[in-house]
Amino acid sequence: MSNVRPASMQRITNFELANAFIDEQVKAIREQVKDQKVLLALSGGVDSSVVAGLLIKAIGKQLVSVHVNHGLLRKGEPEQVVEVFRNQLDANLVYVDATDRFLDKLKGVSDPETKRKIIGAEFIRVFEEEARKLTDIKFLAQGTIYPDILESGGVKAHHNVGGLPEDMQFELVEPLKFLYKDEVRVVGDALGLPHGMVYRQPFPGPGLGVRCLGAITKDRLEAVRESDAILREEFAKNGLEGKVWQYFTAIPDIKSVGVRNDLRADEWCVIIRAVNTKDAMTATVEPVPFELLSHITNRITTEVKGVNRVLFDLTPKPTGTIEWE
Ligand code: XMP
């Protein structure tokens, strides 16, 4: 099948066009897979969630979704995947909590590229183990979208560590492969997926692993997750959700002295990053109101264990990248 978006294909900008696309894809998926089962790695990101939504509509429980929780997801994400797909959509969902496996493999590893490779390779290994437990699966669904094809020959960016072993060859089901990201979101909306899932900000495949700088420890990872949750909650309450392109916290592997309960205490600092961009190649810093930053600082230093300072990153890209890694 061609990997070029047909020239006749209309840009999906509204529900009517999205519904027509959904009907067409439901028919095509049913024709392709017939009564066979389809496997999907469901991260809970926009693309895999929309693929899951489409396939559930087309073939219901013939879709087997596997959600691997690598322990590096944001607060509430694995729970949302289970709630939406298993509880609300009654999907066939295999949930694997592999947190300890990932953290064991990452123990003492501080080099960012090595961390990425370990996370990617372990992800494939866990997914492969789950896939081997299932029999008679010939099809693999993937959330490939058109920019993946244009930019990297059809391989999703975070699948950069090789794929499944030779003896596990599947026929691919890629219903979104000619869609741009904005179109995927309209389709997700039309499928009735939660707004927060469909319009969520970009999140790297290695997750909080790139924001817990240096060697990851459980307690510092927890501090990244909790501070990120506070930041997101406050941005949502103060009208910045959906306005700011990407915002998150990162914690470097350093401690500095502070004062807690009248005693000197060595603790971490949380860095807040909030940026706007069109294409992630360059970025500007969101001028977050000072009062809000003070309030967030207060919450983080009182609610997040082990943190005594909060810093705001004023650096555009370039010279900074968006992620701290
Ligand atoms: P940088 O840090 O290079 O990030 O300025 C640019 C954008 O890419 C996101 N990013 C990733 N997205 N898988 C992804 O899907 C990844 O491994 C990954 N690493 C970085 C980053 O969050 C920012 O939006």
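Can you find a residue that is within 16 Å of the ligand (Cβ to nearest atom) and more than 16 Å from Arg211 (Cα to Cα) anywhere in the stretch 286-293? So far as the stretch 286-293 goes, yes, one or more of its residues are within 16 Å of the ligand (Cβ to nearest atom) and more than 16 Å from Arg211 (Cα to Cα).
Can you name the residue in the stretch 267-280 that is touching a residue at least 12 places away in the same chain (Cβ under 8 Å) and surrounded by fewer than 17 Cβ atoms within 10 Å (Cβ to Cβ) and is also farthest from the ligand (Cβ to nearest atom) among such residues?
Let us first name the residues in the stretch 267-280 that are touching a residue at least 12 places away in the same chain (Cβ under 8 Å), namely 267-277, 280.
Keeping just the survivors that are surrounded by fewer than 17 Cβ atoms within 10 Å (Cβ to Cβ) gives 276-277, 280.
Details: Asn276: 11, Thr277: 8, Ala280: 4 Å.
If we take residues in the stretch 267-280 being touching a residue at least 12 places away in the same chain (Cβ under 8 Å) and surrounded by fewer than 17 Cβ atoms within 10 Å (Cβ to Cβ), then Asn276 is farthest from the ligand (Cβ to nearest atom).
Pairs are defined by a Cβ separation below 7 Å, a sequence spacing of at least 6 or placement on different chains, a first member in the stretch 290-305 that is in the same structural domain as Thr249 (by TED's automatic domain parsing) and at negative phi, and a second member that is modelled with pLDDT of 95 or more and in a loop (DSSP other than H, G, I, E, B); the pairs so defined are Leu292/Asn238.
Within the stretch 205-223, the residues that satisfy the criterion of being more than 13 Å from the ligand (Cβ to nearest atom), assigned to a loop (DSSP other than H, G, I, E, B) and surrounded by fewer than 21 Cβ atoms within 10 Å (Cβ to Cβ) are Gly214, Ala215, Thr217. Within the option set Asp23, Asp97, being within 20 Å of the chain's Cα centre (by Cα) and either among the charged types (D, E, K, R) or not assigned by TED's automatic domain parsing to the domain that holds Tyr146 (or both) holds for one residue only, Asp97. Screening Asp253 on (1) outside any strand (DSSP E or B); (2) over 27 Å from Phe102 (Cβ atoms) shows it passes everything except condition (2). Counting only strands (runs of 3 or more DSSP E) that fall entirely inside the stretch 32-104 and contain at least 3 residues that are surrounded by fewer than 19 Cβ atoms within 10 Å (Cβ to Cβ) and of a type outside the set (S, T, N, Q), the qualifying elements are 92-97.
Residues that are more than 21 Å from Leu89 (Cα to Cα) and outside any loop (DSSP other than H, G, I, E, B) within the stretch 165-197 comprise Glu171, Leu172, Lys181, Asp182, Glu183, listed in sequence order.
Given the options Thr319, Thr284, name the one that is β-branched (Val, Ile, Thr), exposed (fewer than 15 other Cβ atoms within 10 Å of the Cβ), at pLDDT 95 or above and in a strand (DSSP E or B). Before the answer, list the steps.
Details: Thr319 fails: in a strand (DSSP E or B).
Every option except Thr284 fails the conditions.
The values are calculated or read from the model by the stated rules, or taken from the named source; none is laboratory data. Predicted model, so just to flag it, every value in this text is computed and none were measured. Heads up, the Cβs are rebuilt from the backbone with ideal geometry, glycines too, and the neighbour counts pull from every protein chain shown.
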